[in-house]
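So the structure is just underneath, and the comments pick up after that.
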Amino acid sequence: MSGLLEPSLPPRVSELEGKCYYRGLPSSPRLIARTGAPWYPPTGPEAYTRIRELRIPGEHELFDVWEDNLAIKVHDILNLNDVNWSSTEIVRIGYVDNPDSDGNLVLWIGVYSSPPRLSYDVGIQVAVQCKETLLSYGIKDVDVELRESDFVQPVGPALLKPTGFFKFVHPAAIAREPFITSVGTSICAENTPWAEGTLGFFIAVEGVDKLFGVTARHVLFPPSHVENREFERTDDSQPRRNVLLLSDTAFQQHLDVIQKEIDVLEDDIDFHQTYLERLAGQEDVYSQGMRKCTEDEKSRAEERKLHLTEFLKEIVPQWSSTKSRILGNVKFSPRIVVGAGNPEQQFTQDIAVFEVEPSKINPADFPGNFIDLGEKYSLSECIRLRGKMNPDPTSSLKFTSPINPEMRKPTMLDQDGRACITVMKRGKTTGLTLGRGLNYMAYVRKYLPDSDTAAVSKEWAVIPRDKQAGAFSAKGDSGAVVVDGMGRMAGMLTGGSGNADSSDVTYVTPIEFIMGVIRQCKDLTNAVIKNSHPSVVGGFGWST
């Protein structure tokens with residue numbers, strides 16, 4: 001091999017580099033050996049190790065040969081050197097403080113940590129041989145890194161059952177919300193965790209004991225990073241595209257919310273205790289009444305703190321790993337098309353269907369599609385919610401299908417006496433919101449990443465219920481199902497107009513069109529929407 005194809009080696013991996021090189025990654029793996037530029041330890045009085053993160057690799061010539069024969073050659077090198085390897089991946093590893101850089105493209109090799117541990121001398125020999133193989137293909141911008149990494153069976157806990165009306169007395173109800181089987185939970189693809197969206201609804205296939213989830217394609221296949229082409233997994237031999245319940249960031253944010261609530265409750269308990277000490281010995285009627293109220297408040301705070309603390313201890317070990325939050329894997333997702341369907345439709349085709357892991361939701365125990373109302377509304381407000389959805393008691397609802405004239409000629413009235421269909425949705429970002437469907441189809445002009453020309457599609461438009469209600473949706477709510485006052489499905493949220501933080505107008509693709517596209521998949525021909533079980537309380541089931 002000529003000198004031009006000989007990789008230059010960094011200095012020998014020190015103990016400090018081995019421990020700190022991957023700081024920021026979930027498991028903080030130990031670096032064994034690598035090619036590439038030298039690593040410099042932090043220096044100075046305020047020195048700190050820069051935080052790294054994994055990023056998707058994007059388009060690269062390597063993938064033209066990776067599954068053809070390059071991967072086989074890499075595996076041969078590992079086997080010939082008696083390396084007890086666990087995985088080989090192509091990733092980008094970047095610094096969190098440098099988001100503008102894609103990071104280095106790396107042939108990432110996992111090695112089991114069980115004894116005997118792989119030595120640096122063997123590791124660097126393997127790294128060099130793999131790098132030489134890459135160079136033989138003319139691939140010069142990919143480094144090779146070996147780290148300790150064990151393969152673990154991707155089995156996690158099952159999703160929790162909804163609390164129903166008990167959520168109004170269950171001290172940990174709000175903490176449980178992301179882990180229950182309702183629609184509207186936060187999901188993302190495992191290899192693009194930064195693109196989070198919302199689980200829309202669940203479907204089943206007649207005669208098949210499986211459950212499937214539906215969301216927007218761009219949630220699981222971000223157009224800026226994934227080629228816009230149809231995906232269909234027809235058998236288990238094909239690679240999986242896993243769907244996660246909460247990204248690592250979203251999971252940690254939820255833990256932070258729970259911990260913050262615990263801290264607030266601790267302060268409340270201390271405040272109540274101090275006040276009780278001040279009331280000690282005072283036996284007048286006023287003091288007795290205040291003592292009783294304060295004792296009750298303190299008792300409720302202590303109970304809530306206890307339940308939240310126990311719940312936090314429960315979910316951290318069960319859900320912290322990415323593998324434990326794998327909800328399923330993508331089954332079918334046609335390419336995004338603007339202006340799809342027959343001449344009357346011309347909607348946005350932005351759909352992805354994923355098969356749900358039975359360990360997460362047992363199809364036999366699934367309660368049906370429902371929207372959890374969370375704690376945004378009190379018990380009395382929930383009882384009145386149908387009134388909010390249908391504020392005029394004299395109006396009727398004849399919503400039967402998404403392209404029914406009801407959408408353009410609604411018989412319901414809003415709070416101002418105007419004809420419209422009042423709708424609701426629960427999304428990852430804005431949670432539970434109420435809105436009003438406009439009585440016409442809006443036209444939206446869009447550019448797709450694989451096209452230099454714009455295309456036009458029709459969308460059902462939804463605006464906020466009123467000024468106080470705030471935006472109906474924001475970035476991250478894509479995929480959420482939109483339902484009417486009777487809980488019947490209008491369609492799926494695919495976008496909005498406004499700014500990056502919130503939408504003035506939200507666009508919804510009608511459910512009838514969505515189900516028609518889904519049924520084009522051979523294995524989903526008999527797909528049906530899973531109706532809600534009548535015993536589910538606090539959630540809105542719907543019928544088709």
Within the stretch 336-369, the residues that are within 14 Å of residue 213 (Cα to Cα) and either of a type in the set (A, V, I, L, M) or in contact with a Phe, Trp or Tyr (Cβ under 6 Å, 6 or more places away or on another chain) (or both) are 351, 352, 353, 355, 356, 361, 369
Checked 237, 247 against criteria (small (Gly, Ala, Ser) and open to solvent by 80 Å² or more (accessible area, probe 1.4 Å)); the one match is 237
Of (1) surrounded by 14 or more Cβ atoms within 10 Å (Cβ to Cβ); (2) under 28 Å from residue 19 (Cβ atoms), residue 87 satisfies every one except (1)
Matching residues in the stretch 338-356 (assigned to a strand (DSSP E or B) and surrounded by 19 or more Cβ atoms within 10 Å (Cβ to Cβ)) number 10
Checking 262, 269 in turn, the sole residue that is among the hydrophobic types (A, V, I, L, M, F, W, C) and either outside any helix (DSSP H, G or I) or touching a residue at least 40 places away in the same chain (Cβ under 8 Å) (or both) turns out to be 262
Subset of the stretch 272-287, residues assigned to a helix (DSSP H, G or I), out of contact with any Lys or Arg (no Cβ under 6 Å at 6 or more places or on another chain) and either open to solvent by less than 90 Å² (accessible area, probe 1.4 Å) or aromatic (Phe, Trp, Tyr) (or both), comes to 273, 274, 275, 276, 286, 287
Within the stretch 73-91, residues within 17 Å of residue 131 (Cβ to Cβ) and at pLDDT below 85 come out as 75, 85, 88, 89, 90, 91
By residue number, the members of the stretch 505-532 that are modelled with pLDDT under 75 and open to solvent by 60 Å² or more (accessible area, probe 1.4 Å) are 531
Log entry, pairs with first residue in the stretch 314-325 being touching a residue at least 12 places away in the same chain (Cβ under 8 Å) and farther than 16 Å from residue 150 by Cβ, second being open to solvent by less than 50 Å² (accessible area, probe 1.4 Å) and not aromatic (Phe, Trp, Tyr), beta carbons closer than 6 Å, six or more apart or on different chains, reads 318/157; 319/325; 325/244; 325/245; 325/246
Note: among 240, 278, just one is among the basic types (Lys, Arg), closer than 30 Å to residue 67 by Cβ and out of contact with any helix residue (DSSP H, G or I) (no Cβ under 6 Å at 6 or more places or on another chain), namely 240
Picking from 336, 262, 258, 269, the residue that is closer than 24 Å to residue 493 by Cβ and more than 18 Å from the chain's Cα centre (by Cα) would be 336
Within the stretch 126-144, the count of residues that are within 19 Å of residue 17 (Cα to Cα) and open to solvent by 10 Å² or more (accessible area, probe 1.4 Å) comes to 2
(Q) Could you go through the stretch 49-56 and let me know if any residue there is of a type in the set (Val, Ile, Thr), modelled with pLDDT of 85 or more and under 25 Å from residue 249 (Cβ atoms). (A) yes
Worksheet item: Does residue 88 meet the test of being outside any helix (DSSP H, G or I), of a type in the set (S, T, N, Q), touching a Gly at 6+ places or on another chain (Cβ under 8 Å) and at negative phi?
Response: yes
Among (1) over 13 Å from the mean Cα position of the chain (by Cα); (2) part of a loop (DSSP other than H, G, I, E, B); (3) closer than 20 Å to residue 196 by Cα, residue 237 falls short only on (3)
In the stretch 310-336, anything in a helix (DSSP H, G or I), of a type in the set (S, T, N, Q) and open to solvent by less than 40 Å² (accessible area, probe 1.4 Å) is listed as 324
Selection from the stretch 98-125 of residues of a type outside the set (Gly, Ala, Ser), over 23 Å from residue 59 (Cα atoms) and open to solvent by 10 Å² or more (accessible area, probe 1.4 Å) yields 112, 115, 116, 117, 118, 120, 121, 122, 124, 125
Conditions (1) within 18 Å of residue 124 (Cα to Cα); (2) free of Cβ contacts under 8 Å to residues at least 12 places away in the same chain -> residue 68 fails only (1)
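The values are calculated or read from the model by the stated rules, or taken from the named source; none is laboratory data. Predicted model only: the values in this text are computed from it and were never measured. When we count neighbours, we look across all protein chains shown, and the Cβ atoms used for this are built from the backbone with ideal geometry, even at glycine. When the accessible area is computed, the model is the full protein with side chains, heavy atoms only, and any ligands, DNA or RNA have been set aside. Shrake-Rupley method; radii C 1.70, N 1.55, O 1.52, S 1.80 Å.
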